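Reading through the structure tokens given below for one structure.
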Amino acid sequence: MPNQPRYLTALPVYNEAAHVDAVLDEVVLYAGDVLVVNDGSNDGTRERLEARGDIRVVHHEKNKGYGAALKTAFDYAVANGYDVLVTIDCDGQHEPQRIRHLAEACTGDIDIVSGSRYLDAKDIASEAAPADRRYINQTITNEINECLGLSITDAFCGFKSYRVEALKQIEITETGYAMPLELWVEAAYKGLKIVEVAVPLIYLDETRSFGGALDDAKRRLAHYREVIHRAIVRLKESGTPAATPHFDFGPCGCSQYASGYEPC
């Protein structure tokens, strides 16, 4: 039907040869157009993707990072005239049958629909999340809410849908796993409308590496705070006024983000 929004579902992938076909077999059942951003895989993932005829693939010749792969998906959705972009990870933590629900929730004036593993408290078994990841997520989520005037419950969930017109306003410079934090700063500064929907809390790989020093929880938390700080400084120095009066950092301890914050 000509008036139906065009949806694209995108997956960033890096060295997932053992799982990518099983995940994509399920994704294509619930999504229309599917894009895979192969972020420099060298384990046979590229060959598996190129053997499929039911997806679209963009290759990074070298590994650039999770954030860079999502930025490629953003650019692809904009360049190809889609209305809504859904992003879903390829590690089995997200349920593809929820793709259409997220896409359809991104309507009207809603700019970002973000999955949350902690929104529906009565359904959460917090023990399912590795302790350091749960602590860091909770800490960063609380700081983002206090500093940016948001009210989210899960700062890191990669299962989201975006109104593509809103993506045109977002500038992403962070290439790694901290990219969602820069996204929240951009969304708050530019007054984008955000809603959350509950998604299950599923952890299949509790030993996943974040890369080098970031496998240390304390350093990872410091890095995440520094990414938030850089994004805030960049936007405040851009000369473009904030679209929302809530972007004022408030009286909370996170006001350090606005005044020469140094990570611990």
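The values are calculated or read from the model by the stated rules, or taken from the named source; none is laboratory data. Keep in mind it's a predicted model, so treat the numbers as computed, not measured. Cβ placement follows ideal geometry from the backbone for every residue including glycine, while neighbour counts extend to all protein chains displayed. In case anyone asks, the SASA skips ligands and DNA or RNA and just uses the protein heavy atoms, side chains included. Shrake-Rupley method; radii C 1.70, N 1.55, O 1.52, S 1.80 Å.
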Only listed residue being touching a residue at least 40 places away in the same chain (Cβ under 8 Å), within 29 Å of Ile110 (Cβ to Cβ) and surrounded by fewer than 19 Cβ atoms within 10 Å (Cβ to Cβ), chosen from Tyr30, Tyr66: Tyr30
Whichever residue in the stretch 92-102 is more than 15 Å from the chain's Cα centre (by Cα) and part of a helix (DSSP H, G or I) and, among such residues, is farthest from Tyr30 (Cα to Cα): His101
Residue check for Leu192: open to solvent by 10 Å² or more (accessible area, probe 1.4 Å) and either touching a Pro at 6+ places or on another chain (Cβ under 8 Å) or modelled with pLDDT under 90 (or both): no
Answer residue from the stretch 151-165, given it is small (Gly, Ala, Ser) and either buried (at least 19 other Cβ atoms within 10 Å of the Cβ) or in contact (Cβ under 8 Å) with a residue 60 or more places away in the chain (or both) and is nearest to Val197 (Cα to Cα) among those: Ser161
Condition broken by Gly44, with the remaining ones in (1) open to solvent by 50 Å² or more (accessible area, probe 1.4 Å); (2) out of contact with any strand residue (DSSP E or B) (no Cβ under 9 Å at 6 or more places or on another chain) satisfied: (1)
Residue in the stretch 132-146 that is least open to solvent (accessible area, probe 1.4 Å), counting only those that are at pLDDT 90 or above and over 13 Å from Tyr224 (Cβ atoms): Asn145
The listed residue being part of a strand (DSSP E or B) and open to solvent by less than 50 Å² (accessible area, probe 1.4 Å), out of Leu49, Leu85, Leu24: Leu85
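Looking only at the stretch 69-82, which residues are in a helix (DSSP H, G or I) and either crowded, with 23+ Cβ neighbours inside 10 Å or of a type in the set (Ser, Thr, Tyr) (or both)? If you could, list the steps in order and put the result at the bottom.
As a first pass, look at the stretch 69-82 and keep what is in a helix (DSSP H, G or I): 69-79.
Correct list: Ala69, Leu70, Thr72, Ala73, Tyr76, Ala77.
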